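Here's the structure we're looking at; comments come further down.
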Amino acid sequence: MVVFKKAIPRRTFLRGVGATLALPMLDAMTPAFAAATTRPIRMAFMQTPNGIFNLRNEWTPKTVGADWEMTRTLEPLAAFKDRMLVISGLDSQQAAGLTGEVGGDHPRACTAWLTGTHAKMTSGADLRAGISADQIAAREFGKHTQLASLEMGLESGEVVGACESAYGCAYYDTISWRNETTPLPMENRPRAIFERLFGDAGTDPKVRLALRQEDRSILDAINADVKQMRIKVGGSDRSKIDQYLEAVRDIERRMQLAEKQSEGDQEVPLGSPVGAPEVFSDYFKLMADLMVVSWQTDMTRVITFQMGHEMSGRAYPELGFGDAHHPCTHHQGDPEKQEKTTKINGLHTKMLSYYLSRLKETSDGDGSLLDHSMILYGAGLSDANLHLYTDLSLVLVAGGVGGIKGGQHVRYPLRTPMTNLLLTMLDKANVPHVEQLGDSSGRLDLPTI
């Protein structure tokens, strides 16, 4: 590390005429001769819709402990096996219907996933659930970041009216709840996320609009300051700055391309907003790269990501068929629908692998962003064909964080609340002790190094 007599402030921005851009963590931001700076822990909670097909053990490994083989759906994550905990046996009992409740399995499962609470059956404004684990973390981590959290998704959401039986759309359009009455909408517009990260910090809206209209980059407005900053820092920091700016520009190019496509005559996929890439994998990767830079710049440390809302009718033509997701999960024993559902789940884990790869490639102190992150991935239902909420399919990527030992398949006794895992994650992330979360009954004994 280059030692400087005068450190650059941690909250340093690149500035230009009407434009401001946050910098990632640099060696020059570490005070000279100070002890190595402890990097913050980040948390991401990623839910995939309509359950994860496991009837043929496509997800769950056959053995527990360290001696287990990657299953078909988990295979795209093979490069990260040593960091993964595959977790079996956890339930979401608050997703169960109560006497007198009609339908609602999907919105209840979606709501209970991070809250451990039962969604009140209503399509009006009297929504009721509970605070979600991500927002408990955001209350603590938000003390140190510009944005307490980011709530992101890949489908549009209608927050008023009923979407399933007598349950309001807000229940299944989000997995994040600020408190028991306030669901947080998932932002599905890449441009809106970009401007939250790089516009709210001080970039003039008129400047942003002018740059977009001219197909120019925000980097064009801060070019002079970039040159000055590169003179001030050492070689490793110059490389970090160049890598970061290249990533920002690449994100801009992909947004501009998607926006041009949206302005044309092309049909927008179901649930996709204007300005989103047409192909699901391209859409996911763009949003994933936005998540990476949000952590790289320490703009936020908590992300909630909904790959699709419950009962999602998204189709995945890149897989070679045009069937919608939700109908495929109600296979009723049809092997063709089962196979299509498995391929969809495999595409989702392939996208998760892309996100993990980007985190691993991005430096953070003496390691990478992946070294200092906890990512929970899974679904609110297990068997969506029967609307089961028991033995959920979950994977936690956190090898090394909080002493967690990766490369393990752990099975807990049935009826163990999933909220026990969430409480344990909050503990490992150094969130001040939380006594209770929804229906939690304690902490989990996770494998440790």
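The values are calculated or read from the model by the stated rules, or taken from the named source; none is laboratory data. Remember, it's a predicted structure, so these values are computed and weren't measured experimentally. FYI the Cβ positions are ideal-geometry reconstructions off the backbone, even for glycines, and counts take in every protein chain you see.
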What is the residue count in region 77-99 for residues that are surrounded by fewer than 20 Cβ atoms within 10 Å (Cβ to Cβ) and not hydroxyl-bearing (Ser, Thr, Tyr)? 9
Residue check, residue 211 against (1) part of a loop (DSSP other than H, G, I, E, B); (2) out of contact with any Phe, Trp or Tyr (no Cβ under 9 Å at 6 or more places or on another chain); (3) surrounded by 14 or more Cβ atoms within 10 Å (Cβ to Cβ); (4) modelled with pLDDT under 90, all met but one. Which one? (1)
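Would you call residue 28 exposed (fewer than 15 other Cβ atoms within 10 Å of the Cβ), assigned to a helix (DSSP H, G or I) and not basic (Lys, Arg)?
No, not satisfied.
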Given the condition in a helix (DSSP H, G or I), buried (at least 17 other Cβ atoms within 10 Å of the Cβ), at pLDDT 85 or above and touching a Pro at 6+ places or on another chain (Cβ under 7 Å), answer yes or no: does some residue in region 226-234 qualify? no
Does region 39-52 contain at least one residue that is part of a loop (DSSP other than H, G, I, E, B), at pLDDT below 95 and surrounded by fewer than 24 Cβ atoms within 10 Å (Cβ to Cβ)? yes
May I ask you to say which residue of 416, 424 is assigned to a strand (DSSP E or B) and among the polar types (S, T, N, Q)? 416
Matching residues in region 96-126 - criterion: being under 24 Å from the mean Cα position of the chain (by Cα) and either more than 16 Å from residue 422 (Cα to Cα) or assigned to a loop (DSSP other than H, G, I, E, B) (or both): 105, 106, 107, 108, 116, 117, 118, 119
Residues (buried (at least 19 other Cβ atoms within 10 Å of the Cβ) and in a helix (DSSP H, G or I)) located in region 348-369: 348, 349, 351, 352, 355, 356, 358, 359
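Let's see how each residue does on (1) buried (at least 20 other Cβ atoms within 10 Å of the Cβ); (2) over 30 Å from residue 354 (Cα atoms); (3) touching a strand residue (DSSP E or B) at 6+ places or on another chain (Cβ under 8 Å):
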{"site": "385", "(1), (2), (3)": "yes, no, no"}
{"site": "389", "(1), (2), (3)": "yes, no, yes"}
{"site": "401", "(1), (2), (3)": "yes, no, yes"}
{"site": "414", "(1), (2), (3)": "no, yes, yes"}
{"site": "417", "(1), (2), (3)": "yes, no, yes"}
{"site": "424", "(1), (2), (3)": "no, no, no"}
{"site": "429", "(1), (2), (3)": "yes, no, yes"}
{"site": "432", "(1), (2), (3)": "no, yes, no"}
For region 382-427: of the residues being in contact with a helix residue (DSSP H, G or I) (Cβ under 9 Å, 6 or more places away or on another chain) and among the charged types (D, E, K, R), which is farthest from residue 112 (Cα to Cα)? 427
Residue check for residue 326: in a helix (DSSP H, G or I), surrounded by fewer than 23 Cβ atoms within 10 Å (Cβ to Cβ) and in contact with a Lys or Arg (Cβ under 9 Å, 6 or more places away or on another chain): yes
Mind checking which residues of region 224-244 are touching a Leu at 6+ places or on another chain (Cβ under 8 Å) and closer than 13 Å to residue 21 by Cβ? 225, 226, 229, 241, 244
From the option list 170, 148, single residue qualifying as touching a residue at least 40 places away in the same chain (Cβ under 8 Å) and assigned to a loop (DSSP other than H, G, I, E, B) is 148
Of the numbered conditions (1) within 27 Å of the chain's Cα centre (by Cα); (2) surrounded by 19 or more Cβ atoms within 10 Å (Cβ to Cβ); (3) modelled with pLDDT under 90; (4) assigned to a helix (DSSP H, G or I), residue 273 satisfies every one except a single condition; which is it? (4)
Matching residues in region 8-29 (within 19 Å of residue 364 (Cβ to Cβ) and modelled with pLDDT under 70) number 0
Which one is surrounded by the fewest Cβ atoms within 10 Å (Cβ to Cβ) among residues in region 123-144 that are farther than 22 Å from residue 439 by Cα and not charged (D, E, K, R)? 125
Of all residues in region 329-385 being of a type in the set (Val, Ile, Thr) and under 17 Å from the mean Cα position of the chain (by Cα), the one that is modelled with the lowest pLDDT: 362
